[in-house]
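The values are calculated or read from the model by the stated rules, or taken from the named source; none is laboratory data. Predicted, not measured: the structure shown is a model, and the values here were computed from it. As a convention, Cβ positions derive from the backbone with ideal geometry for all residues, glycine included, and neighbour counts pool all protein chains shown. Quick note on the areas: whole protein, heavy atoms, side chains included, nothing else; ligands and nucleic acids left out. Shrake-Rupley method; radii C 1.70, N 1.55, O 1.52, S 1.80 Å.
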Amino acid sequence: MTSAIRFILNGEDIVLGDFGPTETLLDYLRLKRRLTGTKEGCAEGDCGACTVLVGRVTGTGLCYEGVNACIRLLGSLHGTHVVTVEHLAGKDGRLHPVQQAMVDCHGSQCGFCTPGFVMALYGLWLANPTPGRQQIESALQGNLCRCTGYEPIVKAAEQVARERPSALFDPLERDRTQIMARLWAIRAEPQTITVEKDGARAIVPASLADFAEILAQEPTATVVAGATDVGLWVTKQMRLLDPVVFINHLTELQEIEIGETGLVIGAGVSYARAQQALVDDIPALGQLIDRIGGGQVRAMGTIGGNIANGSPIGDMPPPLIALGARLTLRSHSGRRTMPLENYFLAYGRQDRLPGEFVEKVFVPRPAEGGQFAVYKISKRRDEDISALCGAFNLDLDADNRVAAIRIAFGGMAATPKRATHVEEALLGQPWQWSTVSAVRDAFDEDYQPLTDWRATADYRSLAAKNLLTRFFLETAGAPAQLHRFEPEDA
Ligand SMILES: Cc1cc2nc3c(=O)[nH]c(=O)nc-3n(C[C@H](O)[C@H](O)[C@H](O)COP(=O)(O)OP(=O)(O)OC[C@H]3O[C@@H](n4cnc5c(N)ncnc54)[C@H](O)[C@@H]3O)c2cc1C
Ligand code: FES
Ligand code: FES
């Protein structure tokens, strides 16, 4: 057992044994290292002002991703390379081509958001030197600029893509091999790390087996994967957590297995990695991930965290339930597997015993020839939490009758929940407009949603019914006999 984490900050090797379990990377950078180029705006992962890159060695080499330093906890950095905006310009002060493009294209007015934009664009350039407009916009989803406007910033990104600057200018490309060697050296002999400050502990297990053991001994510990939920408990609710067990580095939780009937996704797989696999396999689910947070949140947040937190408005559970996903929980004494829908018992209560953690989820592919769709309804397209999220998984027989259907919604009840009454009403019926319009009322038996600041109960009910209509129209093939629903119909 050791009592310090090790990582690289820009060019410097860091050994850190003096930090609290809830200390953020942003506070460390700004307050302790005076690296004040990284800004604090919202402190909740929404504005991107605090964007830094975090590099880690993966199966495919050294991979850098933009993350939100404001909600990234220090304990999650062992064995990584943290890169801040101060690292970009040359020693002679010459700007990095990404910075120069922001100057050339007038991409900055007040400048507060600018370092975050530079880092987001830099991360994009490293991953994809010649992005198209859509990729640029996607890379900027997690960055908020209130005064320049996005067009000059997008133009800056396009300039970099057009000019294809030599990688020789770039510190990360230039130093890639030696950074990798230094990171390998840190990870060479994994040991469980415990850092204690003011009586509170940050624990970094050496392996999955160690994690299971630690959780058996410390069943009330807070598990932190991507910290895109837990980070906000710290920065917004000022919660003191002790002990905190960090699991985002455990490669055993980051596996994706692509099998004949579906995919097994490890609990520690980030949204970004899951998206790559799902876009090929279950495109509707892959595309949904583009609507979750910005790139920084998708690089950090995990599929396991989105399930484990038991939120009624998490975006992954409804489609996973509609697909018939099965969840595997693990503890030091073994594993158990259950249909994902059984995991959610009541608001804030899940079927997870003390000492258990989410290990993986099996996601079956929709049936051959089946139809699957997921719809997220939120006030903004990007960077917004769902008012409701509905998923439909339909299998028709040769006579165009409903042979199997699973419908699940988030935002409609205290947990993500199946629409079993609607499903029963549809089963065996011809897939036609008269069937679909006749079952709308069954939604009221399945769901009695709440009114909150995202949507009223009436809005949610009507939108859920209309999503079934939309799914029908998208899957029926032939133009439907449409009835316009007036408010009194609802
Ligand atoms: C700016 C922003 C935008 C967001 N947008 C969306 C959105 O559009 N849709 C959406 O659904 N969510 C959204 N979220 C919420 C968040 O990204 C997800 O809930 C995320 O999936 C949580 O995963 P994590 O790894 O970050 O979890 P963490 O914050 O690390 O943990 C969350 C909870 O799960 C527990 N936990 C994590 N992993 C495990 C495990 N393997 N076993 C047991 N317990 C575990 C933790 O103890 C904690 O209780 C957003 C968050 C932010 C900050
Ligand atoms: S300060 Fe706004 S995302 Fe971190
Ligand atoms: S330049 Fe002022 S917020 Fe973007």
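Below is a table of values for the structure above.
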read-out: Highest average packing first - 62-68, 225-231, Cβ atoms within 10 Å; value: 225-231, 62-68
read-out: Exposure ranking of LYS379, LYS32, LYS39 by accessible area [1.4 Å probe, largest first]; value: LYS379, LYS32, LYS39
read-out: Length released on extending from ASP384 to ALA181, taking residue separation times 0.36 nm less the Cα-Cα span; value: 69.2 nm
read-out: Inter-part distance where the range 31-53 and the range 279-350 are each reduced to a Cα centre, Å; value: 28 Å
read-out: Accessible surface, 1.4 Å probe, highest first, among residues ASP13, ASP290, ASP27; value: ASP13, ASP27, ASP290
read-out: Expected 222 nm ellipticity per residue - DSSP helices of 4 or more, -39500 (n - 2.57), all of the chain, to 500; value: -8500 deg cm²/dmol
read-out: Whole-number accessible area per residue in Å² for the range 225-358, which is evaluated in the context of all protein chains at 1.4 Å; value: 38 Å²
read-out: Separation of the ARG349 and SER166 label points, Cα + 7 Å toward Cβ, nm; value: 6.7 nm
read-out: For the range 371-475: relative contact order, % (alpha-carbon pairs under 8 angstrom, 6 or more apart); value: 23 percent
read-out: Calculated FRET value between GLN134 and HIS106, using beta carbons and R₀ = 25 Å, to 0.05; value: 0.65
read-out: Net charge contributed by nearby residues that have their C-beta within less than 13 Å of THR38 (K/R +1, D/E -1); value: +3
read-out: Nearest 10 degrees, 0 to 90: helix 176-187 Cα axis against the chain principal axis; value: 80 degrees
read-out: For the range 252-364: relative contact order, % (alpha-carbon pairs under 8 angstrom, 6 or more apart); value: 28 percent
read-out: In Å², nearest 10: area of THR58 left accessible to a 1.4 Å probe; value: 40 Å²
read-out: Whichever lysines have a C-alpha closer than 23 Å to that of LYS360, once near sequence neighbours (fewer than 8 apart) are set aside; value: LYS417
read-out: Rounded accessible area of LYS155 (nearest 10 Å², 1.4 Å probe); value: 100 Å²
read-out: Too-long pairs where the Cα-Cα distance tops 29 Å, listed order kept, from LYS236/LYS376; LYS32/LYS155; LYS39/LYS376; LYS39/LYS91; value: LYS32/LYS155; LYS39/LYS376
read-out: Rounded accessible area of ASP399 (nearest 10 Å², 1.4 Å probe); value: 120 Å²
read-out: FRET E, pair ALA4, GLU424, Förster distance 41 Å, beta-carbon r, rounded to 0.05; value: 0.10
read-out: Extension gain (nm, one decimal) between ARG335 and GLN287, 0.36 nm per residue minus Cα-Cα; value: 14.2 nm
read-out: Debye intensity ratio I(q)/I(0), log10, the chain, q values 0.05, 0.13 Å⁻¹ (C-alpha model); value: -0.20, -1.24
read-out: Shape category assigned to the range 48-206 from the gyration tensor of Cα positions, a/c cut at 1.5; value: prolate
read-out: Accessible heavy-atom area order of TRP431, TRP184, TRP233, TRP453, highest first, probe of 1.4 Å; value: TRP453, TRP184, TRP233, TRP431
read-out: Environment charge at GLU383 (Cβ cut-off 10 Å; Lys +1, Arg +1, Asp -1, Glu -1); value: 0
read-out: Relative contact order of the range 102-165, pairs being alpha-carbon contacts under 8 Å that are 6 or more residues apart, as %; value: 49 percent
